[in-house]
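The values are calculated or read from the model by the stated rules, or taken from the named source; none is laboratory data. Computed from a predicted structure; not experimentally measured. For neighbour counting, all protein chains shown are included, and Cβ atoms are generated from backbone atoms with ideal geometry for every residue, glycine included. Side chains included, ligands, DNA and RNA excluded: accessible areas come from the protein's heavy atoms. Shrake-Rupley method; radii C 1.70, N 1.55, O 1.52, S 1.80 Å.
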Amino acid sequence: MLDKTIPYKSIIMRLDPPIRTKAPELPAGYSLRLYQPGDEGHWARIETSVLEFPSEERAAAYYAERFLPYPDELARRCVFAVDARGVPVATATAWWVGEDAERRACLHWVAVCPAHQGRGLGKAVAIKALSLFSGCGETGPVYLHTQTWSHTAVRMYASLGFRMLKTETFGGHRNDYAQAVGVLEGVLDPDTLSLIKKNAV
């Protein structure tokens, strides 16, 4: 869930190769699977539940524009965690931004339905998505864009080895490194914040 009680600042992070991932750890009753036709509705529901979109209709329209033109890529890049009933409750995507020399591998749209948060599902889908990049022919660094509103996710990304970038960016995103660190000082524990600042590049 986005924490909109604090100022919004844009954050760029990068995970440098070699990217090594262990098998995702899932709580009992959950499993992982890749995109199947029709999952766009589940994606829209999940992303709207964490306030990334104002409505499922807006989320579905975004998905239709950005992802549905690439069904074969979705089938090998978009991960879902499903509950015991088989209902998707978390997602992450091993996507890309830009083309040709400007193309960047990008961990995209990591989200967990609020009722299922706090169980490690976000980390599980992120790890699974990261494991897919090499099979898609992408062996360079993996970027992500996030924000101070997602400070819980920032902590998780740092635990996976992502580093905040001080100036570099991708895909036209703004990099608010200095201001973002100032905001994070009020919401992250000192040890985590110290590690993030130490590892920033």
- request: Quick one: which residue in 77, 20 is open to solvent by less than 30 Å² (accessible area, probe 1.4 Å) and closer than 20 Å to residue 143 by Cα?
  value: 77
- prompt: Counting only residues that are farther than 12 Å from residue 109 by Cβ and surrounded by 13 or more Cβ atoms within 10 Å (Cβ to Cβ), how many does the range 49-63 have?
  reply: 6
statement: The correct count of residues that are assigned to a loop (DSSP other than H, G, I, E, B) and within 16 Å of residue 17 (Cβ to Cβ) in the range 137-167 is 9
Extreme residue, nearest to residue 3 (Cα to Cα), among residues of the range 59-81 that are in contact (Cβ under 8 Å) with a residue 12 or more places away in the chain and among the basic types (Lys, Arg): 77
statement: Among 32, 15, 51, the single one that is in contact (Cβ under 8 Å) with a residue 40 or more places away in the chain, on the phi > 0 side of the Ramachandran plot and out of contact with any Asp or Glu (no Cβ under 9 Å at 6 or more places or on another chain) is 51
Flag for residue 3 being acidic (Asp, Glu), open to solvent by less than 50 Å² (accessible area, probe 1.4 Å) and touching a Ser or Thr at 6+ places or on another chain (Cβ under 8 Å): yes
message: Just to check your reading of the model, which residue among 22, 4 is touching a residue at least 40 places away in the same chain (Cβ under 8 Å) and under 23 Å from residue 160 (Cα atoms)?
response: 22
message: Going through 112, 97, 154, 89 one at a time, which residue ends up being out of contact with any helix residue (DSSP H, G or I) (no Cβ under 9 Å at 6 or more places or on another chain), of a type in the set (Val, Ile, Thr) and open to solvent by less than 50 Å² (accessible area, probe 1.4 Å)?
response: 97
From 126, 200, 180, residue being open to solvent by less than 50 Å² (accessible area, probe 1.4 Å), touching a residue at least 12 places away in the same chain (Cβ under 8 Å) and under 16 Å from the mean Cα position of the chain (by Cα): 126
